[in-house]
1. Find the accessible area per residue for the stretch 220-347; the probe is 1.4 Å, ligands and nucleic acids are left out, and the unit is Å².
2. When the chain is treated as a GNM, springs tying every alpha-carbon pair under 10 Å, which of Pro47, Pro15, Pro173 comes out with the largest mean-square fluctuation?
3. Counting only heavy atoms of the protein chains, get the accessible area per residue of the stretch 118-198 (1.4 Å probe) and round it to a whole Å² value.
4. If the elastic network links every pair of Cα atoms under 10 Å, which of Tyr163, Tyr93, Tyr27 fluctuates the most in the Gaussian network model of the chain?
5. With viscosity set to 0.890 mPa s at 25 °C, what whole-number translational diffusion coefficient in µm²/s follows for the chain from Stokes-Einstein and a Kirkwood radius over Cα pairs?
6. Taking the Cα centre as origin and putting +1 on Lys and Arg beta-carbons and -1 on Asp and Glu beta-carbons, what dipole magnitude results for the chain, to the nearest 20 debye?
7. Just want the answer: with Cβ charges of +1 for Lys and Arg and -1 for Asp and Glu, which residue in Thr272, Leu9, Val324 is farthest toward the dipole's positive end in the chain?
8. What's the magnitude of the charge dipole for the stretch 147-234 around its Cα centre, counting Lys and Arg as +1 and Asp and Glu as -1 at the beta-carbon? Answer in Debye, nearest 20.
Amino acid sequence: MSAAPAYPLVCLGNPLLDLQCDVDAEYLAKYDLKDNDAILVEDKHMPIFAEAMANPTVKLLAGGAAQNAARGAAYVLPENSVAYFGSVGKDNYAEALRSENTNAGVTSLYQVQEDVATGKCAALISGHERSLVTDLAAANHFKAEFLQKPENWAVVEAAKVFYVGGFHLTVSPPAIQLLAEHAAATNKIFSMNLSAPFLPQFFKEPLDAAAPYWDYLIGNESEALAYAESHGLDTTDVTEIAKAIAVLPKVNSARPRTVIITQGTLETIAVTANGSDDVKVETFPIKLIQSSEIVDTNGAGDAFAGGFLSAIVEGKSLSEAIDVGSWLAAKSIQCVGPSFPQPKVSY
Ligand code: 26A
């Protein structure tokens, strides 16, 4: 019997196809959307998908936040370094996502739903901002039991680093807990992303259940503020919020916890805590590019996470990991949607 394939980085998220198109502020206002937000679709938003498909600027792109990060990490790492779990339908969209992953060097470990369509995200671009409206569909049906199938659990056991999109908190907290507990029990790295302000707001319970397992938590400033508000932190200082998260109780005390908060074009904040008495705050400049070089910012945060994770997998320092993340984010925003330059450029 051959050994199970060993992917050092294993990701879990919601596989989505992005319907990316240009809209104006009026269009966002009509549907009550903010220009830099990500939400789950409500009935009132449903026409958006047909309207996106009819929009002359529409592009169908591989999306899903953690899946974008997985492709980002694979962009930097050697072949066969990244596997990705998620749930899709049995349709052309799923085939498109699978083939994008294959091209990017990501092994898709999809749970396939017989009678639910692959999820989609309307990525509405206005200027340099993006507003994301997601219909999870099949992605909403991922089950922890899928991870426990022997062939999949072998992949989990062979991994060194786990990355879970915060968005998956709306789908399968038990699957997240399985990976988190395995990582803590085996002293592997468990990382998550806050992903969007609505998660700390409305999915506080599963978020807080995962928190004791975070070795790395990545987020941006608006997500940090939403975290502070939902947790009664009584501060709007992003460094203070990152500190409060860094010192939360931790199951695996053999590793410190680092909270990384990106702030658009402002410096990235990283707070590392080894227990509550040993807390280190660092800041890192981002790689600024000319505004005229920006194509769109859809997937910028995921690219940061992907670059960051690639360096963590390779055992590099925190400052280098943040630098690779910033580098890959700068590359991604010069491409259409959550993608990376081809032919490949190296860090
Ligand atoms: C549960 N929700 C709302 C989501 C998402 C999501 N990925 C997973 N779950 N909403 C938007 N995205 C993805 O975020 C990427 C940009 O960071 C989009 O598919 C887009 O590619």
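1. On the way: 5810 Å² over 128 residues.
Accessible area per residue: 45 Å².
2. Judging by the Gaussian network model, the answer is Pro47.
3. Details: 2450 Å² over 81 residues.
Result: 30 Å² per residue.
4. So, out of Tyr163, Tyr93, Tyr27, the one fluctuating most is Tyr27.
5. Details: Rh = 19.9 Å.
Calculated translational D: 123 µm²/s.
6. Numbers: 23 positive and 41 negative charges, 189 e Å.
Result for the chain is approximately 920 debye, rounded to the nearest 20.
7. Of the listed residues, the answer is Leu9.
8. Numbers: 4 positive and 10 negative charges, 65 e Å.
That gives the stretch 147-234 a dipole magnitude of about 320 debye.
The values are calculated or read from the model by the stated rules, or taken from the named source; none is laboratory data. Every value quoted in this text rests on a predicted model; they were computed, and no experiment measured them. Backbone-built Cβ (ideal geometry, glycine too); neighbour counts: all protein chains shown. The accessibility values were calculated without ligands, DNA or RNA, using every heavy atom of the protein model including side chains. Shrake-Rupley method; radii C 1.70, N 1.55, O 1.52, S 1.80 Å.
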